[in-house]
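Since the structure comes first, as structure tokens, the remarks are kept for the end.
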Amino acid sequence: MSKHPLTRREFINLSAGALAAASTAKVLLQPQRLFAAGRPVAPSDTIRFASIGTGIRGCEHLEASLRVPGIQCVAVCDLYDSRHTAAQEAVKNPSVPATRDYRSILDRKDVDSVLIATMDHQHRHIFEDACAAGKDVYCEKPMSHLVEDGFAMVDAAHKNSRMVAVGSQRVSSVLYAKAKEIYDSGKLGEVFSINAYWDRNSPSGAWVYPIPPDASEKTIDWNTFLGSAPKRTFDPVRFFRWRCFTDYGEGLGGDLFVHLLSGIHFITNTNEPAQRAESSGGLFHFKDGREFPDLIETLYDYPKFRVTLRCNLNNNGGEFIGFYGTKGTMIIKDNTLSYRPEDTRPEPEGYSIYGWPKELRDQYFQKWHEEHPEPPALGWKIDETGESYATPPGYSDTVDHQANFYSAVRSRKPVVENEVFGNHTSIGCHLANFSYFNKCVAVWDQAGKKIVKG
Ligand SMILES: NC(=O)c1ccc[n+]([C@@H]2O[C@H](COP(=O)([O-])OP(=O)(O)OC[C@H]3O[C@@H](n4cnc5c(N)ncnc54)[C@H](O)[C@@H]3O)[C@@H](O)[C@H]2O)c1
């Protein structure tokens, strides 16, 4: 808006431009956690785990577990028989025992911990049974399917003194650790506005997964899959595309919002649910019988800042979180992180005074320059320059998240994303969906531990 040919800031920026450009070359971060956990682990200290649920995510976990020192998969469990084979292939052990019955795994004394990677509506009862059986639990995100599930799971973990990790793996990422370091340093100033999105544009991104040709009531334990959900006749679409249906999943809230919220809570040291949420969205493209929207946008109120989230299944925008502070802006985009300082050096008013007569304007400038003497030649100093980081090739935050969990199992010191943290971010998903489906503001009632209409 300035009418000056070159403002003081612009002049300073020109002279400092080359320096700033040079300093924003990307720095590849090192996978610190893995290095820390990479010390040899005595065989007696090996943690034996079983995976309950060995579908898409369960198999990813089993593969990742091969890179985590000091752990061993001793059993796998799934309701669909072909996933027994998939799990054995993922863990590169064709003889690892496989079963449909998770209780038989909990009965085993040689199983120290379980990884729950089932559909979301199955998390609670497996989690409660595992805690009661004395197993530590890594539970996939979102921890809860319903608000009341989350509180019951927190109680189960506490009552049985179990170590719990919830599965938004960005919380253990080196990129997010660096983002948190920048946030905690105060370089961003005060952050009142956070904006995040995760957008995809493909049938797979919208969970239109192919149905395997051998899927049938013979190969799948359909009734156990339904669990406490309403009874229905066998429907492979519901089994394989469960994220689309309210009985088993939470749509984009539970699938993607929870990752964004977990990252935001971790970086901003937030350990409470949002106070209120207001959603808009719709089902525009994937009209295949699903019950959730393919676009949702939610505005959240937290005590010290506001958050806007969006998930759009009709444009490939990728994954993004922006923190907009009074002194700087920090952007996480996919596997990169950048920080850019705001230019907060004093500058004379350059806009409204052009509605003043020249004489008054000149007086203003004279006074301003007397109060803000310019530094001597070569004395221009740039306090802050931009920063830019990326994860190294082949980096896996899932490996680091597992490594953190198994460190906690050994040390009995809780991880950041424990059951309380996981409950809070899950509530964020439920707030978004409550607002969307009820077309109202969703308010978190802390005393009543429930969502109410605002
Ligand atoms: N952290 C991440 O990045 C990430 C990525 C994908 C999925 N997830 C989460 O992982 C979980 C699983 O998702 P997915 O994509 O692997 O789903 P999926 O449908 O591919 O696999 C789920 C499996 O759980 C099994 N299962 C359900 N109930 C069971 C029970 N009682 N006993 C044994 N097995 C049971 C099913 O047979 C199925 O094979 C979900 O909570 C999801 O939100 C997390």
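The values are calculated or read from the model by the stated rules, or taken from the named source; none is laboratory data. What you see is a predicted model, and the numbers here were worked out from it, not measured in a lab. Positions of Cβ are backbone-derived with ideal geometry, glycine not excepted, and every protein chain shown enters the neighbour counts. Just the protein is used for accessible areas: all its heavy atoms, side chains included, with ligands, DNA and RNA removed. Shrake-Rupley method; radii C 1.70, N 1.55, O 1.52, S 1.80 Å.
Yes or no, residue by residue, for (1) within 19 Å of Gly53 (Cα to Cα); (2) of a type outside the set (A, V, I, L, M, F, W, C); (3) in contact (Cβ under 8 Å) with a residue 60 or more places away in the chain:
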{"site": "Lys218", "(1), (2), (3)": "yes, yes, no"}
{"site": "Arg232", "(1), (2), (3)": "no, yes, no"}
{"site": "Leu252", "(1), (2), (3)": "no, no, yes"}
{"site": "Leu261", "(1), (2), (3)": "no, no, yes"}
{"site": "Ile264", "(1), (2), (3)": "no, no, yes"}
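Filtering the range 279-297 to residues that are aromatic (Phe, Trp, Tyr) and surrounded by fewer than 24 Cβ atoms within 10 Å (Cβ to Cβ) leaves Phe284, Phe286. Within 20 Å of the chain's Cα centre (by Cα) and among the acidic types (Asp, Glu) - does that describe any residue in the range 234-254? Within the range 234-254, one or more residues are within 20 Å of the chain's Cα centre (by Cα) and among the acidic types (Asp, Glu).
Matching residues to (1) out of contact with any helix residue (DSSP H, G or I) (no Cβ under 7 Å at 6 or more places or on another chain); (2) in a loop (DSSP other than H, G, I, E, B):
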{"residue": "Gly422", "(1), (2)": "yes, no"}
{"residue": "Thr425", "(1), (2)": "no, no"}
{"residue": "Cys429", "(1), (2)": "no, no"}
{"residue": "Ala432", "(1), (2)": "no, no"}
{"residue": "Tyr436", "(1), (2)": "yes, no"}
{"residue": "Cys440", "(1), (2)": "yes, yes"}
{"residue": "Trp444", "(1), (2)": "no, no"}
{"residue": "Val452", "(1), (2)": "yes, no"}
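Name the residues in the range 141-180 that are hydroxyl-bearing (Ser, Thr, Tyr), within 15 Å of the ligand (Cβ to nearest atom) and open to solvent by 20 Å² or more (accessible area, probe 1.4 Å), would you? Correct list: empty.
Are any of the residues in the range 96-106 open to solvent by 10 Å² or more (accessible area, probe 1.4 Å) and more than 12 Å from the ligand (Cβ to nearest atom)?
Taking the range 96-106 and keeping what is open to solvent by 10 Å² or more (accessible area, probe 1.4 Å), we get 97-104, 106.
Next, from what is left, pick out any that are more than 12 Å from the ligand (Cβ to nearest atom): 97.
The answer is yes, given that some residue of the range 96-106 is open to solvent by 10 Å² or more (accessible area, probe 1.4 Å) and more than 12 Å from the ligand (Cβ to nearest atom).
So, of the residues in the range 38-94 that are of a type in the set (Asp, Glu) and in a helix (DSSP H, G or I), which turns out to be modelled with the lowest pLDDT? Of everything passing the filter in the range 38-94, Asp45 is modelled with the lowest pLDDT. Return the total of residues in the range 292-305 being closer than 28 Å to Gln446 by Cα, assigned to a loop (DSSP other than H, G, I, E, B) and acidic (Asp, Glu). Residues flagged as closer than 28 Å to Gln446 by Cα, assigned to a loop (DSSP other than H, G, I, E, B) and acidic (Asp, Glu) within the range 292-305 amount to 0. Selection of the range 332-355 for residues being open to solvent by less than 70 Å² (accessible area, probe 1.4 Å), assigned to a strand (DSSP E or B) and of a type outside the set (A, V, I, L, M, F, W, C) yields Lys333, Thr336, Ser338, Tyr339, Pro341. Would you say Asp81 is more than 9 Å from the ligand (Cβ to nearest atom), open to solvent by 50 Å² or more (accessible area, probe 1.4 Å) and either under 15 Å from Gly422 (Cβ atoms) or aromatic (Phe, Trp, Tyr) (or both)? Considered against the rule, which asks whether it is more than 9 Å from the ligand (Cβ to nearest atom), open to solvent by 50 Å² or more (accessible area, probe 1.4 Å) and either under 15 Å from Gly422 (Cβ atoms) or aromatic (Phe, Trp, Tyr) (or both), Asp81 comes out as no.
Here His369, His401 are screened, and the one residue that is open to solvent by 70 Å² or more (accessible area, probe 1.4 Å) and either under 21 Å from Ile194 (Cα atoms) or not in a loop (DSSP other than H, G, I, E, B) (or both) is His369. Can we say Tyr183 is over 25 Å from Lys450 (Cα atoms), surrounded by 19 or more Cβ atoms within 10 Å (Cβ to Cβ) and within 16 Å of the ligand (Cβ to nearest atom)? For Tyr183, the condition - over 25 Å from Lys450 (Cα atoms), surrounded by 19 or more Cβ atoms within 10 Å (Cβ to Cβ) and within 16 Å of the ligand (Cβ to nearest atom) - is not met. Among all positions in the range 270-278, there is no residue which is modelled with pLDDT of 95 or more, touching a Ser or Thr at 6+ places or on another chain (Cβ under 8 Å), open to solvent by less than 20 Å² (accessible area, probe 1.4 Å) and of a type in the set (Val, Ile, Thr). The condition of being touching a Lys or Arg at 6+ places or on another chain (Cβ under 7 Å) and either hydrophobic (A, V, I, L, M, F, W, C) or without any contact (Cβ under 8 Å) to a residue 60 or more places away in the chain (or both) holds for only one of Leu115, Leu62, Leu106, that being Leu106. Looking across the range 141-152, the residues that are in contact with a helix residue (DSSP H, G or I) (Cβ under 6 Å, 6 or more places away or on another chain) and in a loop (DSSP other than H, G, I, E, B) come down to Lys141, Pro142, Met143, Ser144, His145. Mind checking whether some residue in the range 204-215 is among the acidic types (Asp, Glu) and surrounded by fewer than 16 Cβ atoms within 10 Å (Cβ to Cβ)? So far as the range 204-215 goes, yes, one or more of its residues are among the acidic types (Asp, Glu) and surrounded by fewer than 16 Cβ atoms within 10 Å (Cβ to Cβ).
Selection over the range 39-70 of residues that are away from the ligand (no atom under 16 Å from the Cβ) and either open to solvent by less than 30 Å² (accessible area, probe 1.4 Å) or aromatic (Phe, Trp, Tyr) (or both) gives a count of 2. Scanning the range 246-267 for residues that are surrounded by 20 or more Cβ atoms within 10 Å (Cβ to Cβ) and over 13 Å from Cys311 (Cβ atoms) gives Tyr248, Gly249, Ser262, Gly263, Ile264, His265, Phe266, Ile267. The numbered conditions (1) within 10 Å of the ligand (Cβ to nearest atom); (2) open to solvent by 30 Å² or more (accessible area, probe 1.4 Å) are all true for Arg232 except (1).
Selection of the range 404-417 for residues being open to solvent by 20 Å² or more (accessible area, probe 1.4 Å) and among the charged types (D, E, K, R) yields Arg410, Arg412, Lys413. In the range 116-140, what residues are among the acidic types (Asp, Glu) and either in a helix (DSSP H, G or I) or away from the ligand (no atom under 14 Å from the Cβ) (or both)? Those that are among the acidic types (Asp, Glu) and either in a helix (DSSP H, G or I) or away from the ligand (no atom under 14 Å from the Cβ) (or both): Asp120, Glu128, Asp129, Asp136.
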